[in-house]
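Participant: I have a structure here, written as structure tokens, and I will follow up with some questions on it.
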Amino acid sequence: MIGFLRGIGVFFGAMFLQWWWNTHFAYWGAAPQFLLVLTILLAARRGPVLGMLAGFGWGLYLDVARAELFGASALILTLAAYFVGIARRQIDLRALGPLAATTFLFTWGAFVTLGLLGLVFTKSFEWSGWIAVVATPFLNVVAATVFALIWDARDDR
């Protein structure tokens, strides 16, 4: 029961953190995508099914917050968790280096997927801007490293 309540707290706390950080600290569209990072970390540590469930819920939250392509964020986060689940069979994602590289690549993949979904459904490529596309993968790697260290420290107790 404690684990379930902790999971619910992390789920809603992550949404609050994403909103708060983007409201106060996003400059020129560049901010860490905490929900993408946590979806990747959850799928790497606990498995793709739990990652896909959390990613879908977080994606719906992002879709409600940004009403351009409803469902795109839910799809992107769900697919990210699925592909991390596939990758974790081949790569040790418990180590920080492979987790950072995976987060970096999946962040760019999320930008490209969002753009292509926009191209398909709205006839225009959804572009976040050069600063966001260049800076956000590095910010996500830092966030993934911090969250992984916190996760591992909690598991070591």
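The values are calculated or read from the model by the stated rules, or taken from the named source; none is laboratory data. Predicted model, so just to flag it, every value in this text is computed and none were measured. Note: ideal-geometry Cβ built from the backbone for every residue, glycine included; neighbour counts use all protein chains shown.
Participant: Please verify whether region 42-56 includes one or more residues that are modelled with pLDDT under 95, more than 22 Å from Gly7 (Cα to Cα) and of a type in the set (D, E, K, R).
Facilitator: No: region 42-56 contains no residue that is modelled with pLDDT under 95, more than 22 Å from Gly7 (Cα to Cα) and of a type in the set (D, E, K, R).
Participant: Residues being under 20 Å from Phe121 (Cα atoms), outside any helix (DSSP H, G or I) and not aliphatic (A, V, I, L, M): count how many of those fall in region 28-82.
Facilitator: Number satisfying all stated conditions: 4.
Participant: In region 124-151, what count of residues is obtained for those that are within 13 Å of Ala30 (Cα to Cα) and out of contact with any helix residue (DSSP H, G or I) (no Cβ under 7 Å at 6 or more places or on another chain)?
Facilitator: 8
Participant: Based on this model, can you work out whether Gly3 counts as modelled with pLDDT of 90 or more and either assigned to a helix (DSSP H, G or I) or among the β-branched types (Val, Ile, Thr) (or both)?
Facilitator: Spelling it out, it is not the case that Gly3 is modelled with pLDDT of 90 or more and either assigned to a helix (DSSP H, G or I) or among the β-branched types (Val, Ile, Thr) (or both).
Participant: Also, I was wondering about something else. Please work out if Pro137 is free of Cβ contacts under 8 Å to residues at least 24 places away in the same chain and of a type outside the set (A, V, I, L, M, F, W, C).
Facilitator: Values: free of Cβ contacts under 8 Å to residues at least 24 places away in the same chain: no; of a type outside the set (A, V, I, L, M, F, W, C): yes.
The answer is no for Pro137.
Participant: Here is a further query. If a residue must be touching a helix residue (DSSP H, G or I) at 6+ places or on another chain (Cβ under 8 Å) and at pLDDT below 95, how many such residues does region 62-85 contain?
Facilitator: Of the residues in region 62-85, 11 are touching a helix residue (DSSP H, G or I) at 6+ places or on another chain (Cβ under 8 Å) and at pLDDT below 95.
Participant: Sticking with this one: If I ask for residues that are free of Cβ contacts under 8 Å to residues at least 24 places away in the same chain and either farther than 22 Å from Trp127 by Cβ or part of a loop (DSSP other than H, G, I, E, B) (or both), which ones from region 11-22 would you list?
Facilitator: Across region 11-22, the qualifying residues are Phe12, Gly13, Phe16, Leu17, Trp20.
Participant: Moving on. Thr102 passes all but one of (1) of a type in the set (Ser, Thr, Tyr); (2) farther than 23 Å from Thr145 by Cβ; (3) modelled with pLDDT of 95 or more; which number fails?
Facilitator: Tallying (1) of a type in the set (Ser, Thr, Tyr); (2) farther than 23 Å from Thr145 by Cβ; (3) modelled with pLDDT of 95 or more, Thr102 fails exactly one: (2).
Participant: Can you pull out the residues in region 79-100 that are surrounded by fewer than 22 Cβ atoms within 10 Å (Cβ to Cβ) and either under 15 Å from the mean Cα position of the chain (by Cα) or under 20 Å from Val10 (Cα atoms) (or both)?
Facilitator: Across region 79-100, the qualifying residues are Leu79, Tyr82, Phe83, Gly85, Arg94, Ala100.
Participant: Just to be sure before I move on: is Ala30 at pLDDT below 95 and either on the phi < 0 side of the Ramachandran plot or crowded, with 22+ Cβ neighbours inside 10 Å (or both) in the structure I sent?
Facilitator: yes
Participant: Before we move on, is Phe121 surrounded by fewer than 22 Cβ atoms within 10 Å (Cβ to Cβ), more than 12 Å from the chain's Cα centre (by Cα) and either part of a helix (DSSP H, G or I) or of a type in the set (A, V, I, L, M) (or both)?
Facilitator: yes
Participant: Hey, any hits in region 134-148 for a residue that's out of contact with any Leu (no Cβ under 6 Å at 6 or more places or on another chain), on the phi > 0 side of the Ramachandran plot and surrounded by fewer than 19 Cβ atoms within 10 Å (Cβ to Cβ)?
Facilitator: Checked against the condition, which is being out of contact with any Leu (no Cβ under 6 Å at 6 or more places or on another chain), on the phi > 0 side of the Ramachandran plot and surrounded by fewer than 19 Cβ atoms within 10 Å (Cβ to Cβ), region 134-148 yields no hits at all.
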